[in-house]
1. Using 7 Å Cα-to-Cβ label points, what is the Leu154/Asp683 separation (nm, one decimal)?
2. Report the gain in length on full extension from Asn382 to Ile549: 0.36 nm times residue separation, minus Cα-Cα distance, nm rounded to one decimal.
3. If you take the beta carbon distance between Glu671 and Asn89 as r and set R0 to 60 Å, what does 1/(1 + (r/R0)^6) give as a FRET efficiency, to the nearest 0.05?
4. Quick one, which of (i) 40.2; (ii) 78.1; (iii) 83.9 is the actual mean projected area of the Cα convex hull in nm² calculated for this model?
5. Tell me the label-point distance for the pair Asn786, Arg330, using the 7 Å Cα-to-Cβ offset, in nm and rounded to one decimal.
6. Would you work out the relative contact order for the range 315-383, in percent, from Cα pairs under 8 angstrom that are 6 or more residues apart?
7. In the structure shown, do any of Lys630/Lys666; Lys499/Lys657; Lys513/Lys666 have a Cα-Cα gap over 22 Å, and if so which?
8. Using a 1.4 Å probe on the protein heavy atoms, what percent of the accessible area of the chain belongs to carbon and sulfur?
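The values are calculated or read from the model by the stated rules, or taken from the named source; none is laboratory data. What you are looking at is a predicted structure, and each value in this text was computed from that prediction instead of being measured. All Cβ positions, glycine included, derive from the backbone under ideal geometry; neighbour counts span all protein chains shown. For the accessible areas, the whole protein counts, side chains as well, though only heavy atoms, and no ligand, DNA or RNA atoms are used. Shrake-Rupley method; radii C 1.70, N 1.55, O 1.52, S 1.80 Å.
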Amino acid sequence: MDDLYDEFGNYIGPSLGDQDKSSSSESEDKYYEPVVTDINYENEKERTDNLPSSGSDDEYEKEKEKDIEIEMEQENENEGNTVEKIVLNEDKQYYQESTDIYGEGVEVLVEDEDEQDISVPIVQVFKEKQFHLYEKQPLETTYSLKFVSDMSKLKQRIRNICIAGHLHHGKTTFLDNLVQQTHPNFNQKKHEGFTDTRVDEHKRGVSIKSTPLSLILPDLRYRSYLFHMVDTPGGVVFGDEFTSVLRICDGIVLIVDAVEGVLMQTKQIIKEAISNCIPIVLVVNKIDRLILDLKLPPKDAYQKIRLTIEEVNTIINKHQTNTSYYEQPRLSPETGNVCFASSRDGWCFTVNSFAKKYLDKSEDNFDYLKFAKRLWGDIFFNPKTRKFVGKKNRTKKYPRSFVQFILEPIYKLYSQIIGESPKTLKKHLDQLEIKISKKVLHGNVRQLLRSILSQFFKNFNGFVDMCVQHLPSPSAQAKYKLDSIYVGSHKGVIGESLKICDPEGPLMVNVVKLIERKDCERFDCLARIFSGTLRAGQKVKIYSEKYIIGETEGISNKTVGRILLGVGRYCHELKEIGAGNIILIENIDKKIGKFATLTNYTNEENQENEEIEIENEKQSVFKKIQYHLKPVIKIGIEPLKPQELPRMIEGLSRILKSYPALQAKKEESGEHILLGTGELSLDCALYDLREMYSEIEIKVSDPCSNFCETVADVSDIQCYSESPNQKNKLYLVAEQLEKKISNDIENGVLKSSEWDEDEISEFLQNNYSWDILASNSVWSFSSDYNYPNMLLNQTLPIETDQDILNEIKDPVIQGFSWACSEGPLCEEPIRDVKFLLQRAELDENQAYRSNVQIIPTIRRVVHSSFLRATPKMMEPIWLVEIIGSSDALSAGLNVIRRRRGRIIKDYPKPGTPLSILHAYVPVMDSFSFEVDLRTSTQGLAFCQMSFDHWQVVTGNPLDTEIELTPLVISDGDSLARDYMIKTRRRKGLSEIINYAKYFTQEQILEFENLNNLL
């Protein structure tokens, strides 16, 4: 090797060209050397005989050439006839393509250096996001699916129940006990909050969405019933969930905390139930708090329970009207419609079930129902005569029967479980035939209480018996629900079928809510079958909420997917199900916004009265759900990256389906506005938008209040407006609408959208003392019942041709509704205003008074007459309910005063150290009110807020002499002006109202001369 280089490192060896040629020839010889290792020889001799002998080089070369020819022929056979091509230099492939390395369908990104942040891995680990808690497989139950299917066909054995109550009164925990009773493998820790199917519900500690739960439960006689229960949230801001569920339920189980009693949401539940003729039964929950927290003696505990029941009856009597065709019976334990429970400790009973327990333990045979009627009220037991006596006939201070026979045994159980040693307690448990493991006996006291008491009371059959006896079946309640939910005629084919809940009649299904699936891509429709039978794969006609009677918009056809019975965190699939059942439907959510009507009824089945049937079919839909909650808080949203705007809009459409009362709109400035019922509901909606549906970052503006526009006086002049072609003139005057009429329209008492002109006229005459001319002149109400306004035709036949005027009635109503939805001050809705059409100058040629001419004309004259009637701004007001100790409430008074609040009343809660305070707080000043309250009271006070009314803002919004100082909070007479200017800025409007948009130049000059406007 050293001979090839000189001392300076230069190469001095043989020529490299000769070496390359020799090496290439050697490689060729090596490459074409025949391979004989693949041949299997029987012995070594046969192998050596086949090798070429030494010296026969010519023969060896010939054999090698033959082998090469054979290999070339094989290659041609395998690859086909190859054609030599000239490959250009730029077409040569020196490296493999990405598809050759990674395969088809793999996206390869080539990025510059440092393009990706160093903290972000190049290949990220896939993390499955979990938003829901669903079981992979249905849990084992004490009954079979076939039994559930058979029970769904027996209408008298079905109960559709809404579980309702105030926040943290124990609704979800109460249902967990029913699930545990029917599911042998129920795990208390794993399945806690079985109807809270969302992860954020467990993190927040509140229920957000309604969840269906269908179970087979036995009563005291062990007769099985199919219970379709729906767990509703207790938060006031989620009251729209309760309103939606109320449509499909036949009864309400009202759960009330024995300590806190009746609170804000409880009152609203009772009010809606009475107005919709829904029966109520009561569950007095958390009886254990009277024993462990308040430490009340049995006599005082009885008085506290009695006071809670009477408080509920007082609210019922307040909302009960004489005109209602259903009267809610009085709630009382002796009638059997009141139940007592401790959902945390796993026990529940009625006086009937407790009396039956005495019968089971007694050797004597007696009528336990008669015994149960003596276990409540001022009835006392004389141990000497062994008879029950009334309050007047007792000679000594005997204990009440409820205290002696029910409360005292429960108190003894609690005292022995908590106070006695495990050894002594074990002896007492053996006498009661209660078996407890050593681990539980020596473990946590709370778990020990639940284990012993759940075995002592055994099951919730008393609760089931109460619901069966006092809540109606679907067929019994159908006639009461028909008037409040159905638009069409009650005498047609569909109406008669709905009255009896006929499974053989036309299919009528009401979808009231959409529930998101686990993948957050599609929704299941929560619905009830009011008539007919629904089958999987059946084609149905869908009438969405956009449908208007007599039109084709909002109608579509769709094939039903799977039919499911919701059981909290899992579902049972059925092939078909009849009328009277609450179900979940797949594959139809794309055609539905918030609610819809499903039907398969056609006129081909009834050809005798074809015209009547066609008219009935146009109206064969369920009424739209009217939510008592008003979306009065709004925020502006936009994506952090502008290119992600389509994803945000798609996510918006999904959360609008998920939250019933949530609204969204787009301003003329391009800003997307989200309107919600409260801060918590908006926070939940934004979480869903960011994490579940769009998965993008979203910028949110500061929250602000919704406003309205109204008037405080009558228009000082008769305003008029000319049509664009100057062929028509309309004269209008604006004035205040009576407060009582406004409230009746808003609360649905005056049903403007359902009644005809004669019914409206009769109602106005009988209730508001209107004369016949005024009541017959009502043309229209606002299209939105939340913002009540009226339009009256008070033109005289001498001045205006009534025939021509009636021809333009529809465009006038359209323009009136448009004008009321966007007022002239800051394009906020107008409310509580009555507009009087006093004169109309119309061209006789119909072509000159088309919709294009009339609609903008009526809109302009509505706004001009509004501006001449002393316009005012209105703001929404919260009713705030604060519960806490007296010291905490006194500390919270300063928080209310700082936010322009006004105290209504405060009173102590009898039997507890708590007090309750009610106050009015403007929504605009209520943001972060709860945080401020808890900080001031050190967490000792808790509040709930609900919309109560609209209030006029002080000050003149058109007063240009008011100077607004930046970064300074306005008050007094400048507040209305401040709200109007800031709202106009946010919407991209000029701060100064352009009066030339609403008045002619002649009118403006006249106003200037009179010093009325400028």
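1. 4.7
2. Numbers: separation 167, 0.36 × 167 = 60.12 nm, distance 6.81 nm.
Value of the extension gain: 53.3 nm.
3. Values: r = 58 Å, r/R0 = 0.97.
So, using R0 = 60 Å, E works out to roughly 0.55.
4. Read-out taken from this structure: (ii).
5. With each label point 7 Å from Cα toward Cβ, the separation is 4.0 nm.
6. Details: 49 pairs, mean separation 16.5, N = 69.
About 24 percent, as a whole number.
7. Details: Lys630/Lys666 19 Å; Lys499/Lys657 30 Å; Lys513/Lys666 24 Å.
Beyond 22 Å between Cα atoms: Lys499/Lys657; Lys513/Lys666.
8. Values: 25170 of 52470 Å².
Carbon-and-sulfur percentage of accessible area, whole number: 48.
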